[in-house]
Amino acid sequence: MEKDKSGGTGLETHVASTLAYVGGWVSGLILLFVEKSNRVVRFHAMQSVVTFGILHIIIVILISLGSLFSLAVWGGTLVPVSLVFTVLWALVLAFSIVLWILLMVRSYNKQHVLLPLAGDLSFWMMDKFGLAAPERDAIAFQGLGGELPRHNDERSHRTRFEDSAAARAVGSVAVIVWSIFLFVMFNFYADYIAFYHSSSEGGVTQLLRYPILTAELSRVLPILNATLGFNVLGHLVALAWNRYLLRQLIEVVLHAMGLAVAVVFLRVFPFDYSDLPIGALVATLPTITIVILALAIAGNVVEIVVHLVRLITGLAKR
């Protein structure tokens with residue numbers, strides 16, 4: 001059973017469990033040595049070591065590969081490999097930050113998250129090294145999206161709810177990572193949002209880059225950055241407090257901001273395809289871009305209406 005106090009730190013269990021994640025794998029390792037009796041705290045410490053230790057190793061490897069291979073020849077074309085590795089480690093880092101915040105918030109709220117793979121690996125390592133692990137059925141473990149089933153005879157509607165909750169959690173994490181990626185690209189690497197075309201001259205093949213964004217992007221960035229920031233914040237809140245009405249309100253606000261972004265993009269139109277080396281693209285891409293923005297506007301309007309109806313219906317039932 002879970003104790004109210006951590007024997008090694010003297011702190012309450014949920015506070016000590018939160019501290020296991022504060023410093024990533026470092027704080028987890030410290031708690032493993034400090035905590036001698038509270039099995040719940042030791043589990044969170046081990047899960048922190050396993051999760052953030054692996055993510056740290058992946059980031060270091062990607063950064064190292066990016067520094068070693070700046071360019072590579074692929075299919076007779078010079079490809080900027082360093083940019084690929086930079087994007088990859090940035091995505092892993094963004095995912096790590098989201099997971100780090102989620103685990104701290106959930107632990108502090110006395111919700112014990114059992115991560116896929118990492119949680120099972122933590123139990124295995126605790127058994128392997130003789131560290132007393134907590135009984136799984138003695139703790140109301142949760143996945144990223146909600147409570148995990150303890151018995152095989154769970155009712156079917158309960159299982160469907162858990163599956164949908166897990167899917168929402170995965171979707172929220174994906175949106176957060178994607179939003180951070182877009183923020184970095186539009187603010188720091190806008191020149192790489194371009195059309196890439198290989199050209200051969202004198203037996204040497206080069207990958208030429210044709211940026212498609214103009215200086216007018218600066219007029220769009222304020223609303224775009226605000227929307228991306230609210231995307232991250234809104235989905236973090238939805239992950240930390242999984243409440244139906246709160247989710248619907250967040251979706252209404254986020255889609256309203258997404259609608260504003262699409263309208264501003266369409267009005268400012270910070271795109272220039274005139275320098276592209278293929279005439280057909282010069283003629284068709286402006287129209288295609290307008291169609292995509294129009295579909296984005298229509299899609300956001302539909303989403304606003306759907307979630308607003310759900311919000312009003314939920315409030316009426318209460």
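In order along the stretch 275-280, phi translates into HN-Hα couplings of 8, 5, x, 10, x, 4 Hz, rounded to whole numbers, per the Karplus curve 6.51 cos²θ - 1.76 cosθ + 1.60 with θ = phi - 60° and x for Gly and Pro. The listed peptides 308-316, 85-93, ordered by packing as a protection proxy, come out as 85-93, 308-316 (highest mean of other Cβ atoms within 10 Å first). The slack between Arg318 and Val253, meaning 0.36 nm per residue of separation minus the straight C-alpha distance, is 21.3 nm.
Let me test this: with uniform point scatterers at the alpha carbons of the stretch 215-318, what is the Debye-based log₁₀ I(q)/I(0) at q = 0.19, 0.23, 0.24 1/Å? Calculated log10 I(q)/I(0) at the listed q: -0.96, -1.17, -1.22.
With bins 5 Å wide beginning at 0, the percent of Cα pairs of the stretch 179-231 falling in each bin runs 4, 18, 22, 18, 13, 9, 7, 5, 3, 1, 0.
Measuring how big the stretch 213-266 is from its alpha-carbon positions, Rg and Dmax come out at 13.1, 42 Å. Here the 3J(HN,Hα) profile of the stretch 255-260, calculated from phi with Karplus coefficients 6.51, -1.76 and 1.60 at θ = phi - 60°, is 6, 5, 5, x, 4, 4 Hz, Gly and Pro shown as x.
Sequence-ordered 3J(HN,Hα) estimates for the stretch 56-61 from the Karplus curve with 6.51, -1.76 and 1.60 and θ = phi - 60° stand at 4, 4, 4, 5, 4, 5 Hz, glycine and proline given as x.
A short reminder: the numbers here are calculations on the coordinates, not readings from a lab. A quick note: this is a predicted structure, and the numbers were derived from the prediction, not measured. As a convention, Cβ positions derive from the backbone with ideal geometry for all residues, glycine included, and neighbour counts pool all protein chains shown.
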